[in-house]
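Encoded as structure tokens, the structure appears first; notes follow it.
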Amino acid sequence: MSKQIQAIRGMNDCLPVQSGLWQYVEGVIRQVVASYGYQEIRTPIVESTDLFKRSIGEVTDIVEKEMYTFNDRNNDSLTLRPEGTASVVRAGNEHGLLYNQQQRLWYMGPMFRHERPQKGRYRQFHQFGIEAFGFAGPDIDAEVILLSSRLWQRFGIQQHVSLEINSLGSNEARSAYKEQLVAYLQSRQSELDEDSLRRLDSNPLRVLDSKNPQVQAVVKDAPKLIDCLDAQSQQHFQALCERLDKLGIQYRVNSALVRGLDYYNRTVFEWVTESLGAQGTVCAGGRYDGLVEQLGGKATQGVGFAIGLERLVLLLQTLAPDTYVAPAVDIYVTAVDDEAQDAIWQVAEQLREQLPWVRTQTHCGGGNVKKQMKKADASGAKLAFLLGQSELQGQYVTVKFLREQQEQITVANQDLVTFVQTQLPGN
Ligand code: ATP
Ligand code: MG
């Protein structure tokens, strides 16, 4: 036998036992974004490497060490997208969707980062995200957060996630703050790790983001960006907080929250959970007013977030294992003798035509009644239909209730659709 080929490390198959839950999660998301009037945008999985270097920033975890970058046959440097925002902005600029317009967009799909695979951290993972363009005020920041909070409600996990927010202020305020921060960090240089020392020169804010506990202890006493905000950013942040209060959305102001990408300004936020161990950030986002211009468009404000779907699915499986456990089949149709072979196809097709939400499977592969009933049971179906000579002659179907203590019944052919409709009413 030849050697089996395995999937790439950190890239998961989504097997049939999980795909029902994934479809459920995606379905709820689609419904929620539609209920806020957001429209879908789909962009390619591969982009020019420059797109991510210019947007995410050269001195970030993603660009420094996580990107899947390769030269194609033309020797162009391409990268598998590590996140969605840069691509959405690129597409928005390219197709003239942004300047002088307002857009509320969403996307969903695979992202790629070469990280050490562990629970909640993979090399191919999936993000759902929204991006709103052309809104200057804090009201849209609140809407974006509100939409995420609506999702937690829909999934019944609102008690298990909490919101952290911060403001990064304007570019100018941030530059002024950087000087203070660098002075402080230099005074405690001996306590920093290698990564942080390097970042002290190249991108000092990123030191605030460090996951090393020893560095975090230093960061705790650092001057706070939120105390150095420019007046406008301060007003913006205050108005956002007031709106969140009125909407009944609880939050904690976390002054160390700076996010791992360079393009953010003013509002940044994360939804975190304690139920997933180290990979506790389920949703992350913020405002990025400079990005559109940075990528060659005319200045247009932007704000959005991304949710890591694997983490959301893990959270649902941990907190509410019964969230979506449904078999693939509602009705299993069997032929108890050869005479009924044609009829099972007809009955099944009639149901699919008239009641398209009902999931019907016909038995394939022959065998006696006992074997067919075993398959029917294993399919998870609620009902089994049995057809044989007597049923054909009498123009009825024998119905067995597979999940209930109820005697089998017969239903006349002409009443079959109505019968199924009452048994399986759909949405
Ligand atoms: P982390 O701090 O966990 O590395 P990040 O700041 O790199 O996260 P973002 O770039 O903001 O994450 O991505 C948004 C969300 O996407 C994260 O909050 C997380 O839920 C998810 N995510 C990011 N990287 C991965 C990954 N490698 N595997 C699975 N999910 C991920
Ligand atoms: Mg990361």
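The values are calculated or read from the model by the stated rules, or taken from the named source; none is laboratory data. This one's a predicted model, so the numbers in the text were calculated from it and none came from an experiment. Cβ sites come from the backbone with ideal geometry, for glycine too, and all protein chains shown count toward neighbours. To get the accessible areas, we keep the full protein, side chains included, count just its heavy atoms, and leave off ligands, DNA and RNA. Shrake-Rupley method; radii C 1.70, N 1.55, O 1.52, S 1.80 Å.
What to note about this one:
- Estimated Rh, the stretch 1-112: Kirkwood, alpha-carbon pairs, angstrom: 16.7 Å
- Two-site FRET efficiency, Val182 against Ala7, from Cβ-Cβ distance with R₀ of 45 Å, rounded to 0.05: 0.55
- Here the Debye sum runs over all C-alpha atoms of the chain as equal scatterers in vacuum, and log10 of I(q)/I(0) at q = 0.07, 0.09, 0.12 Å⁻¹ comes out as -0.47, -0.70, -1.01.
- Segment Glu64-Val46, extension gain: residue separation times 0.36 nm, minus the distance between their alpha carbons: 4.7 nm
- A Gaussian network model of the chain, with springs between Cα atoms under 10 Å, assigns the largest mean-square fluctuation among Ala340, Ala34, Ala278 to Ala340.
- Efficiency of FRET between Ala320 and Gln118 - r from beta-carbon atoms, R0 22 angstrom, step 0.05: 0.45
- Its relative contact order, with pairs defined as Cα atoms under 8 Å and 6+ residues apart, puts the stretch 49-175 at 17 percent.
- Inter-centroid distance (Cα atoms) of the stretch 227-288 relative to the stretch 358-425, Å: 55 Å
- Principal-axis tilt of helix 171-187 within the chain, Cα atoms, nearest 10 degrees: 70 degrees
- To the nearest 10, the accessible area of His126 is 50 Å² with a 1.4 Å probe.
- Taking only alpha carbon atoms, the stretch 294-427 gives an Rg to Rh ratio of 1.25, where Rh is the Kirkwood radius.
- Mean Cα-pair separation over length for the chain, i.e. relative contact order, pairs under 8 Å, 6 or more apart, %: 15 percent
- Nearest-20 debye value, the stretch 330-427 charge dipole, Cβ charges on Lys, Arg, Asp, Glu: 460 debye
- Of the trypsin sites (Lys or Arg not before Pro) found in the stretch 240-338, the ones in coil according to DSSP and having at most 11 other Cβ atoms within 10 Å of their Cβ are Lys298.
- Antiparallel content of DSSP bridges confined to the chain, in %, to 5: 80 percent
- Cα shape, the stretch 208-294, gyration tensor, a/c 1.5 rule: rounded
- Sites Gln101 and Lys246 - FRET efficiency at Förster radius 25 Å, r taken between beta-carbons, to 0.05: 0.35
- Surface composition of the stretch 34-111: carbon plus sulfur atoms hold 43% of the accessible area, using a 1.4 angstrom probe and ignoring ligands, DNA and RNA.
- Each Lys and Arg adds +1 at its Cβ and each Asp and Glu adds -1 at its Cβ; summed about the Cα centre, the stretch 247-396 shows a dipole of about 620 debye.
- Here the 3J(HN,Hα) profile of the stretch 15-20, calculated from phi with Karplus coefficients 6.51, -1.76 and 1.60 at θ = phi - 60°, is 7, x, 5, 9, 5, x Hz, Gly and Pro shown as x.
- The stretch 155-243 shape via C-alpha gyration tensor axes, a/c threshold 1.5: oblate
- Look at the Cα gyration tensor of the stretch 44-180: its axes a ≥ b ≥ c give a/c under 1.5, and that counts as rounded.
- Distance (nanometres) between label positions extended 7 Å along Cα→Cβ at Asn75 and Glu172: 4.6 nm
- Accessible surface calculations at 1.4 Å, restricted to protein heavy atoms, place the stretch 264-329 at 35 Å² per residue.
- Value of relative contact order over the stretch 13-104, rounded to a whole percent, pairs C-alpha under 8 Å and six or more apart: 26 percent
- Projecting the Cα positions of Ser35, Met67, Ser148 onto the charge dipole of the chain (unit charges on Cβ atoms of Lys, Arg, Asp and Glu, taken about the Cα centre) puts Met67 furthest along the positive direction.
- Each Lys and Arg contributes +1 and each Asp and Glu -1, all at the Cβ; summed about the Cα centre of the chain, the dipole is approximately 560 debye.
- Ser148, Ser187, ranked by accessible area, largest first (probe 1.4 Å): Ser187, Ser148
- 20 Å cut-off, amide nitrogen to a point 7 angstrom out along Asn212 Cα→Cβ, residues in the stretch 84-121: 115-116
- Normalised alpha carbon radius of gyration of the stretch 96-174 [divisor 2.2 N^0.38 Å]: 1.39
- The chain: angle of helix 231-247 to the longest principal axis, Cα-based, in degrees nearest 10: 30 degrees
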